[in-house]
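The values are calculated or read from the model by the stated rules, or taken from the named source; none is laboratory data. On a predicted model such as this, the values are computed, not experimentally measured, just so you know. Glycine also receives a Cβ, built like all others from the backbone with ideal geometry; neighbour counts cover every protein chain displayed. Just so you know, the surface numbers come from the protein's heavy atoms only, side chains and all, with ligands and any DNA or RNA stripped out. Shrake-Rupley method; radii C 1.70, N 1.55, O 1.52, S 1.80 Å.
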Amino acid sequence: QVHLVESGGGLVQPGGSLRLSCAASRGFGTLNAMGWYRQTPDNGRELVTDITSGGNTNYADSVKGRFTISRDNAKDTVYLQMSSLKPEDTGVYYCNAKVTFFGDLREYDRWGQGTQVTVSS
(Lines give C-alpha, C1' and ligand atoms only; values in the text may rest on other atoms or scores of the structure.)
Protein backbone atom coordinates (compact mmCIF):
# COMPACT_ATOMS: atom_id res chain seq x y z
CA GLN A 1 0.00 0.00 0.00
CA VAL A 2 1.08 3.55 -0.72
CA HIS A 3 -0.24 6.41 1.37
CA LEU A 4 0.26 10.11 0.74
CA VAL A 5 -0.18 12.68 3.50
CA GLU A 6 -0.32 16.37 2.62
CA SER A 7 0.22 19.35 4.85
CA GLY A 8 0.66 23.10 4.58
CA GLY A 9 -2.57 24.49 3.18
CA GLY A 10 -4.41 27.45 4.58
CA LEU A 11 -5.63 30.98 4.04
CA VAL A 12 -3.26 33.52 2.55
CA GLN A 13 -3.62 37.02 1.15
CA PRO A 14 -3.01 37.74 -2.53
CA GLY A 15 0.70 38.07 -3.16
CA GLY A 16 1.55 35.80 -0.27
CA SER A 17 3.29 32.44 -0.15
CA LEU A 18 2.55 28.94 1.05
CA ARG A 19 4.50 25.71 1.06
CA LEU A 20 2.79 22.36 0.69
CA SER A 21 4.37 19.05 1.60
CA CYS A 22 3.41 15.51 0.69
CA ALA A 23 5.03 12.59 2.45
CA ALA A 24 4.65 9.13 0.96
CA SER A 25 4.62 5.83 2.76
CA ARG A 26 5.40 3.64 -0.21
CA GLY A 27 5.68 0.19 1.29
CA PHE A 28 7.02 -2.06 -1.47
CA GLY A 29 6.16 0.37 -4.24
CA THR A 30 8.47 2.51 -6.35
CA LEU A 31 7.59 6.16 -6.64
CA ASN A 32 7.89 7.46 -10.16
CA ALA A 33 6.55 10.90 -11.02
CA MET A 34 4.92 12.88 -8.23
CA GLY A 35 2.84 15.97 -8.60
CA TRP A 36 0.19 18.36 -7.43
CA TYR A 37 -3.31 18.78 -8.79
CA ARG A 38 -5.83 21.50 -8.00
CA GLN A 39 -9.55 20.91 -7.84
CA THR A 40 -12.14 23.65 -8.18
CA PRO A 41 -15.89 23.54 -8.84
CA ASP A 42 -15.45 25.20 -12.24
CA ASN A 43 -12.45 23.32 -13.58
CA GLY A 44 -12.49 19.98 -11.84
CA ARG A 45 -9.11 18.45 -11.00
CA GLU A 46 -6.25 19.73 -13.12
CA LEU A 47 -2.51 19.26 -13.09
CA VAL A 48 -0.56 22.09 -11.52
CA THR A 49 2.92 20.62 -11.65
CA ASP A 50 4.81 17.36 -11.51
CA ILE A 51 8.34 16.08 -11.13
CA THR A 52 9.99 12.86 -12.19
CA SER A 53 12.18 10.79 -9.92
CA GLY A 54 15.13 12.26 -11.82
CA GLY A 55 14.03 15.82 -11.13
CA ASN A 56 12.50 16.85 -14.45
CA THR A 57 9.63 19.25 -13.86
CA ASN A 58 6.48 20.32 -15.67
CA TYR A 59 4.23 23.30 -14.84
CA ALA A 60 0.86 24.53 -15.91
CA ASP A 61 1.18 27.84 -17.74
CA SER A 62 -0.85 29.60 -15.06
CA VAL A 63 1.75 28.90 -12.35
CA LYS A 64 5.04 29.14 -14.26
CA GLY A 65 7.43 31.49 -12.54
CA ARG A 66 5.41 31.49 -9.32
CA PHE A 67 5.33 27.87 -8.15
CA THR A 68 8.27 25.54 -7.63
CA ILE A 69 8.04 21.80 -7.15
CA SER A 70 10.83 19.80 -5.56
CA ARG A 71 11.28 16.38 -4.07
CA ASP A 72 13.50 14.64 -1.57
CA ASN A 73 13.80 11.04 -2.72
CA ALA A 74 15.48 10.01 0.52
CA LYS A 75 12.41 11.15 2.43
CA ASP A 76 9.84 10.16 -0.23
CA THR A 77 8.50 13.69 0.03
CA VAL A 78 7.46 16.24 -2.57
CA TYR A 79 7.08 19.95 -1.91
CA LEU A 80 5.25 22.77 -3.61
CA GLN A 81 6.46 26.29 -2.94
CA MET A 82 3.78 28.75 -4.02
CA SER A 83 4.58 32.43 -4.30
CA SER A 84 2.80 35.52 -5.62
CA LEU A 85 -0.46 33.75 -4.96
CA LYS A 86 -3.59 34.89 -6.72
CA PRO A 87 -7.26 34.35 -5.87
CA GLU A 88 -7.52 32.02 -8.85
CA ASP A 89 -5.01 29.69 -7.18
CA THR A 90 -7.71 28.86 -4.65
CA GLY A 91 -8.72 25.22 -4.54
CA VAL A 92 -8.13 21.86 -2.97
CA TYR A 93 -4.62 20.68 -3.74
CA TYR A 94 -4.07 16.96 -4.10
CA CYS A 95 -0.75 15.19 -4.09
CA ASN A 96 -0.37 12.46 -6.68
CA ALA A 97 2.18 9.70 -7.08
CA LYS A 98 2.67 7.30 -9.96
CA VAL A 99 3.61 4.00 -8.39
CA THR A 100 4.90 0.69 -9.71
CA PHE A 101 5.40 -2.60 -7.94
CA PHE A 102 7.96 -5.29 -8.61
CA GLY A 103 6.63 -7.91 -11.00
CA ASP A 104 3.70 -5.74 -12.11
CA LEU A 105 4.01 -3.79 -15.38
CA ARG A 106 1.18 -1.43 -14.55
CA GLU A 107 1.57 2.03 -13.07
CA TYR A 108 -0.91 3.07 -10.42
CA ASP A 109 -2.14 6.48 -9.31
CA ARG A 110 -2.19 7.20 -5.62
CA TRP A 111 -3.74 10.33 -4.12
CA GLY A 112 -3.49 12.24 -0.91
CA GLN A 113 -6.51 13.43 1.01
CA GLY A 114 -6.26 17.00 -0.28
CA THR A 115 -5.47 20.27 1.42
CA GLN A 116 -7.41 23.50 1.02
CA VAL A 117 -5.62 26.60 -0.24
CA THR A 118 -7.60 29.83 -0.12
CA VAL A 119 -6.18 33.07 -1.50
CA SER A 120 -8.30 35.96 -0.35
CA SER A 121 -8.03 39.37 1.23
Distant-in-sequence amide H partners of GLY16 (H built 1.01 Å from N, under 5 Å): LEU85
Potential extension, THR52-THR118 segment - 0.36 nm per residue separation minus Cα distance: 21.0 nm
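Just how large is the dipole of the chain about the Cα centre, in debye to the nearest 20, putting +1 at every Lys and Arg Cβ and -1 at every Asp and Glu Cβ? Don't skip to the end; give the middle numbers.
Numbers: 12 positive and 12 negative charges, 41 e Å.
In total the dipole reaches around 200 debye.
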Long-range amide H partners of SER53 with built H, under 5 Å: ALA33
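Could you calculate, for the chain, the ratio of the Cα radius of gyration to the Kirkwood radius, expressed as Rg to Rh? If you can, show how the numbers build up before the last one.
Values: Rg = 14.2 Å, Rh = 14.5 Å.
In the chain, Rg relative to Rh is 0.98.
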FRET efficiency, GLN1 to SER84 (Cβ-Cβ, R0 35 Å, nearest 0.05): 0.40
Neighbour net charge for SER84 - beta-carbon separation under 15 angstrom, K R +1, D E -1: +1
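Just the number please: accessible area per residue for the range 4-56, 1.4 Å probe, all protein chains included, in Å².
Details: 2730 Å² over 53 residues.
Using a 1.4 Å probe on heavy atoms only, each residue of the range 4-56 averages 52 Å².
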Long-range amide H partners of THR90 with built H, under 5 Å: VAL119
About the Cα centre, charge dipole magnitude for the range 51-115 (Lys/Arg +1, Asp/Glu -1 at Cβ), debye: 120
Hz values of 3J(HN,Hα) by residue in the range 83-89 - Karplus curve (6.51, -1.76, 1.60), Gly and Pro given as x: 10, 6, 5, 10, x, 6, 7
In nm, spacing of pseudo-spin labels at ARG26 and ALA60 (7 Å Cα→C-beta vector): 2.6
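Could you calculate the contour length gain from SER17 to ARG45, that is, 0.36 nm times the residue separation minus the distance between their Cα atoms, to one decimal place in nm?
On the way: separation 28, 0.36 × 28 = 10.08 nm, distance 2.16 nm.
Full extension from SER17 to ARG45 adds 7.9 nm.
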Calculated FRET value between TYR108 and SER70, using beta carbons and R₀ = 30 Å, to 0.05: 0.85
